[in-house]
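> Sharing a structure below in structure tokens format, with a few things to ask.
Only the coordinates and a few stated rules stand behind these numbers; no lab work does. This one's a predicted model, so the numbers in the text were calculated from it and none came from an experiment. Cβ placement follows ideal geometry from the backbone for every residue including glycine, while neighbour counts extend to all protein chains displayed.
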Amino acid sequence: MFEQKLTDQSLLKSKGLINGEWVSADAHKTFDVFNPANGECIATVADLGAAETKRAIEAANVAMTDWNTRTVKEKSALLRQWFDLVMANQEDLATIMTLEQGKVLAESKGEVAYGASYIEWFAEEAKRIYGDILPSTTQDRRSMVIKQPIGVVGAITPWNFPNAMITRKIAPALAAGCSVVLKPAAETPLSALALAELAQRAGIPKGMINVIPSKQSSEIGEQLTGHPLVKKLTFTGSTRVGKILMAQTAQTVKRTSMELGGNAPVLVFDDADIDKAVQGALMAKFRNAGQTCICANRILVHSNIYEEFVRRLTEKVEHFVLGDGLADSSTMGPLITRHAAEGVAELVADALAKGAQLTIGGALNKGTGFFFQPTVIRDLDQTMRLAKEEVFGPVAPIFKFETEDEAIAMANDTEFGLAAYVFTKDQSRSWRVSERLEYGMVGVNETAISSEMIPFGGVKESGQGREGSKYGLDDYLEMKYVCLGDI
Ligand code: SIN
């Protein structure tokens, strides 16, 4: 039944990929993948373990040597070929994504294009890995810096963007000369396996991309963080898990890139264009049913425009149609699991018990599927869990502020520091506030801030390292100083 929805059914893989071979688990274990729109099992996938991960790391290490005998132009052309194949298969990849992740088809297609843009970008950046000649302290020496691949990369990716979070790690790794062992989220392994199949078809050599589908997260994590051949770990996921992985990598002093949790504020000043602010908050809040790390988590609105903003946002939210992401009528899909939907309900219940008010939504949908109603909740304060915790669901909590200083203090009152958004027409205020916000990314009068050309990443407990942009290769390169004497 799943296969009938795809033009190219051979994109649907159910085994792991090690050294160019599709493999079952040594112990013949499998796990099920579910459609969050109806709870039905849509695939059964090999559940690989520590031994298979070790073999993948060893294969990746060998593959890297061969990869780096190629010219950058050859590497670039292979990445470009992968990009072309991903785009040629956009419909099928989007269908697979909607079935395993739940997001509506239009969003899945958008994510496939977004994910592909990282491959295209890093295919080009592969040609721009420059060194440096430095001034020398003596006449008989020359000092230089060369950049070299860091080594085998372990990558652990989340379920909320089953395609783009993978390409934005693998593409720069390959461009820099590194091979990858990927552990995709157990909820969404099919998108990862389809991407790997297309990489194989593109001619990316065996062993450069290895995929370990698995439910045994700790065992795989221990291999990727502890194996001496892995030189770098890149992770997108929760701050809690990121801290565990960072502690484990300390044993072998690996480089890490961590894209962790967010608690993004949207600051709406009373000099803002309210139409733009409402639309921006709507987009930032409800993308992927509220399941992104840069989703608007706290909407802070000046008291002079609070009532109008709440009314207008609520009117817009009324138009969402919850449903199966493959149905044309749906504009918002389910959450990833029942557990996730129940967690969102608990956060809303906590706020309501402490005096907040709903203007729309607020409940789990009855019936099959893990749907939570698009929700707007007002009159929040700092005692409520919604002020501190990442919601990861379609709930827009609206707080009130009086002064610029108060808004900035509220925005910064969190251990997270990924993305923040500001709406104001005052140029000086936009500079002042952007500079004082303790975040890795700030959108002024704009919430659609992501692209392959910008450095995506956070500060504080939202992580370290940047993905995308001209800076995105640095995380996969070592800098080596070479001193030439006796000149
Ligand atoms: C994320 O949620 O971490 C990714 C969002 C994006 O790339 O826009």
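> Run the numbers for Asp84 and Gln9: contour at 0.36 nm per residue of separation, minus the present Cα-Cα distance, in nm. Intermediate results must be reported in sequence, preceding the final value.
Values: separation 75, 0.36 × 75 = 27.00 nm, distance 1.85 nm.
Net length gain for the segment: 25.2 nm.
> With +1 on the Cβ of every Lys and Arg and -1 on the Cβ of every Asp and Glu, and nothing else charged, how large is the dipole of the chain about its Cα centre, in debye rounded to the nearest 20? Numbers along the way, then the final one.
Details: 51 positive and 61 negative charges, 244 e Å.
Result for the chain is approximately 1180 debye, rounded to the nearest 20.
> Give me the number: length gained by fully extending Gln427 to Glu318, i.e. 0.36 nm times residue separation minus the C-alpha to C-alpha distance, one decimal in nm.
Values: separation 109, 0.36 × 109 = 39.24 nm, distance 3.30 nm.
Stretched out fully, the Gln427 to Glu318 stretch lengthens by 35.9 nm.
> Just how large is the dipole of the range 13-133 about the Cα centre, in debye to the nearest 20, putting +1 at every Lys and Arg Cβ and -1 at every Asp and Glu Cβ? It would help to have the intermediate numbers written out before the result.
Values: 13 positive and 19 negative charges, 63 e Å.
I would put it at about 300 debye.
> Next up: Quick one: order Phe372, Phe399 by neighbouring beta-carbon count within 10 Å, fewest to most.
Values: Phe372 27, Phe399 24.
Ascending Cβ contact count within 10 Å gives the list Phe399, Phe372.
> Would you grab the residues whose amide H sits under 5 Å from the one on Lys400? Only those 5+ places off in sequence or on another chain, please, with H modelled 1.01 Å from N.
Val301, Leu380
> Taking only DSSP H segments of four or more residues, each worth -39500 (n - 2.57), what value at 222 nm results for the chain once the sum is divided by all its residues, to the nearest 500 deg cm²/dmol? Don't jump to the answer; show the numbers that get you there.
Numbers: 14 runs with 180 residues, N = 487.
Calculated at 222 nm, the ellipticity per residue is -11500 deg cm²/dmol.
> Now a separate question. State the answer as a single residue: which of Thr359, Val444, Leu233 lies farthest towards the positive end of the charge dipole of the chain, with beta carbon charges of +1 for Lys and Arg and -1 for Asp and Glu, about the Cα centre.
Leu233
> Right, another one. Looking only at the range 11-36, which residues have a backbone nitrogen under 13 Å from a spot 7 Å from the Cα of Lys206 in the C-beta direction?
17-23
> Here is a follow-up. When the Karplus curve 6.51 cos²θ - 1.76 cosθ + 1.60 is applied with θ = phi - 60°, which whole-Hz ³J(HN,Hα) does each residue of the range 461-477 get, with x for Gly and Pro?
7, 8, x, 8, x, 9, 10, x, 6, 5, 7, x, 7, 3, 5, 10, 10
> Would you mind calculating the gained length between Ser238 and Lys276 on full extension (0.36 nm times residue separation, minus the Cα-Cα distance), in nm to one decimal?
Working: separation 38, 0.36 × 38 = 13.68 nm, distance 3.05 nm.
Between Ser238 and Lys276, full extension yields an extra 10.6 nm.
> Here is a further query. Order by neighbour count: Trp82, Trp431, Trp67, fewest other Cβ atoms within 10 Å first, most last. If you can, show how the numbers build up before the last one.
Details: Trp82 27, Trp431 11, Trp67 21.
With the sparsest Cβ surroundings first, the list reads Trp431, Trp67, Trp82.
> Mind giving me the FRET efficiency for Gln251 and Val62? R0 is 25 Å, r the Cβ-Cβ distance, nearest 0.05 is fine.
Working: r = 24 Å, r/R0 = 0.95.
Efficiency computed from Cβ-Cβ geometry: 0.55.
> Along the range 55-66, what does the Karplus equation 6.51 cos²θ - 1.76 cosθ + 1.60 (θ = phi - 60°) give for ³J(HN,Hα), rounded to whole Hz, x for Gly and Pro?
With the stated coefficients, the range 55-66 comes to 5, 5, 5, 5, 5, 4, 5, 5, 4, 4, 4, 5 Hz.
> Between His28 and Ser136, what is the spin-label point distance in nm, taking each point 7 Å from the Cα along the Cα→C-beta axis?
6.6
> Using each residue's phi in the range 90-106, evaluate 6.51 cos²θ - 1.76 cosθ + 1.60 at θ = phi - 60° and report the 3J(HN,Hα) Karplus result to the nearest Hz, with x for Gly and Pro.
With the stated coefficients, the range 90-106 comes to 4, 4, 5, 4, 5, 5, 4, 5, 4, 5, 9, 10, x, 4, 5, 4, 4 Hz.
> Sort out for me the Cα centre separation of the range 1-79 from the range 161-190, rounded to whole Å.
With the range 1-79 and the range 161-190 each reduced to a Cα centre, they are spaced 11 Å.
> Given H placed on each backbone N at 1.01 Å, which residues far from Phe34 in sequence or on other chains put an amide H within less than 5 Å of it?
When sequence neighbours closer than 5 places are left aside, the close amide H contacts are Ile42.
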